[in-house]
Structure formats: C-alpha cells, structure tokens
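Since the structure comes first, as structure tokens, the remarks are kept for the end.
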Amino acid sequence: MVRSSTPFRLSKILIPTTGIGVLATLAAVGLWQWELYRDASDRQNVDRLNRMVSEYRQRTGRCPDLNMLELFRAGLSDKRLHSTPYGGTYQIDPGKMLVYNPHRNAR
C-alpha cells in the first residue's frame, strides 16, 4: 500500500475556496431553486386555470376561447391573458380541452 505524504482533504474537493467558486456554487443553487419555484408555480397556475375553465363550461355549456379571454369577460379571472413563468401565455389544448403551457417544453 502506498501512502501519500499530502493529507487528503475532502473540503478541497467539495467546498470551493475561491470567490469565483463560491459565487458559481451559489448561482447554481439559486438557479436550481428558481427552477423548482417556476415548476411549482406553473403546476399551480395550470390547476387554477383548469378550474376556471371547468366553471366557465358549467355556466355557459361551452369551452372558452383557446387563449381564455372569455374567462376575463365572464368575471372568472382578473387578467385578460395568463402569463407563464417561462414567458408567453397559457392556452387551451383544443383536443383535450385542458389548459397547458406551450412554452414549458420550449426551454
């Protein structure tokens, strides 16, 4: 067995010691948390909008337009267009009649 004269330090591998390394680590963690926030926000928005669409269908007997402007006109929403956390707006899939985010898969 060969022994090294330099002691092994795990901290040199896992913990950055330079200012740039620390900033890069913080940025990576921040971006990861931001992605988690955007994903959770996106899911909540889609669920909320699908509930609004369902209520609109119960009231009127038909589905709103694909951009959901009719939800605003009917007083179910306080916004004309519903922005996604990824940019752009939510839409209704005409085949499934469910709200989706067309910009989520484009990233």
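Taking the fewest neighbouring Cβ atoms within 10 Å as the starting point, the ordered list for Arg80, Arg62, Arg38 is Arg62, Arg80, Arg38. Spin-label model, Arg62 to Lys96: label points 7 Å out along the Cα-to-beta-carbon direction sit 2.4 nm apart. Shape class for segment 18-100, computed from the alpha carbon gyration tensor (a ≥ b ≥ c): prolate, with a/c not under 1.5 and a/b above b/c.
Using Cα pairs closer than 8 Å and at least 6 residues apart in sequence, work out the relative contact order for segment 25-107, in percent.
Details: 82 pairs, mean separation 19.7, N = 83.
In percent, rounded to a whole number, it is 24.
The ranking of Asp78, Asp47, Asp42 from fewest to most other beta carbons within 10 Å of each one's beta carbon is Asp78, Asp47, Asp42.
Here, each number is a calculation from the coordinates, and none is a lab measurement. For clarity, every value in this text was computed on a predicted model and none was experimentally measured. Positions of Cβ are generated from backbone atoms using ideal geometry, with glycine treated the same way; all protein chains shown enter the neighbour counts.
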